[in-house]
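A quick write-up on the structure given underneath.
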Ligand code: TXA
Ligand code: MG
């Protein structure tokens, strides 16, 4: 039996398999089996008001999970699937309430990874999967990240090496007349706007934000401060710096991680969570993370860093 066949068997039997996608590793279960889905919430310690993304292998499989596939959804699917775009649509009665946190909508995407697609096809099931990390923590972009935090709690991990994109999918709601960006991610807002025209940002939209888009998320255990530029001095203690690119740094940091020497956003996104983990492993007193340009993938990177820092003790006005 191949690894994919073994993993597909686990899914069919109601077990949990962590698998690579192009964005981050997912923690997957048969989306149509409520008992299996319940275990995702238990293993991740995820609150049940936070709905899951359902991964499918093709449009046919997507169609049966929704009331209807609007033409705008088909257009986006043709442009971006398989890929890092998740579409929120009205759900069909087939989708268990636990998957959608009892919302009348379901989030769907076709991941762009041969192991993910192989698993969905071989098991013959749509696969519900959040990122494969304990709730609120840093998302995993390698199999060993998953092994470290969830290894003893799940049946199997498919290892596909490091994830290419590195930040989660863009979540776009197509439920209302105007598409709403619920989470910035691997497909840029600019690209979506060029195809769709108007796109509302969830924070400015009259309809509620994505449940689960909590202010504090993606957080390392070390306190993190998200800033636009270096402070003039460091508080006492050992501090780490997450820098967007190479440059002169005059402050006495104990450790520095550079997202991308030349400041390329794609490379920065792919390295973001691994760099955060590296700094988090050093037992520092704090991490300063500097913002990247707010464009393209930069929106997703800044969004994750802002949430990673949202629990920091001090309000923004007195940051460092
Ligand atoms: O790239 C990704 O999207 C990864 C990989 C594994 O596919 N998955 C992922 O899942 O990031 P998770 O659970 O960490 O994030 C899912 C996001 C949450 O913000 C959730 O609130 C939103 O999608 N979401 C899911 N279903 C929704 C729905 N019906 N309506 C609105 N938002 C929804
Ligand atoms: Mg997550």
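For segment 98-154, enumerate the residues that are assigned to a helix (DSSP H, G or I) and more than 20 Å from residue 45 (Cβ to Cβ).
Taking segment 98-154 as the starting set, the residues that turn out to be assigned to a helix (DSSP H, G or I) are 98-100, 114-123, 143-153.
Within segment 98-154, 114, 115, 116, 117, 118, 119, 120, 121, 122, 123, 143, 144 qualify.
Reported count of residues in segment 78-132, each being modelled with pLDDT under 95 and within 16 Å of ligand 2 (Cβ to nearest atom), is 1. Taken over segment 164-183, the criterion of being touching a strand residue (DSSP E or B) at 6+ places or on another chain (Cβ under 6 Å) and in a loop (DSSP other than H, G, I, E, B) is satisfied by 169, 174, 175, 178, 179. Looking only at segment 151-168, residues that are closer than 22 Å to residue 36 by Cα and in contact with a helix residue (DSSP H, G or I) (Cβ under 6 Å, 6 or more places away or on another chain) come to 6 in all.
Scanning segment 19-40 for residues that are surrounded by fewer than 24 Cβ atoms within 10 Å (Cβ to Cβ) and within 16 Å of the chain's Cα centre (by Cα) turns up 22, 40. Checked against (1) surrounded by 14 or more Cβ atoms within 10 Å (Cβ to Cβ); (2) outside any helix (DSSP H, G or I); (3) in contact with a helix residue (DSSP H, G or I) (Cβ under 9 Å, 6 or more places away or on another chain), residue 294 passes all but condition (1).
The values are calculated or read from the model by the stated rules, or taken from the named source; none is laboratory data. Model, not experiment: these values are computed from the prediction. Counting neighbours? That spans all protein chains shown, and the Cβs are built from the backbone with ideal geometry, glycine included.
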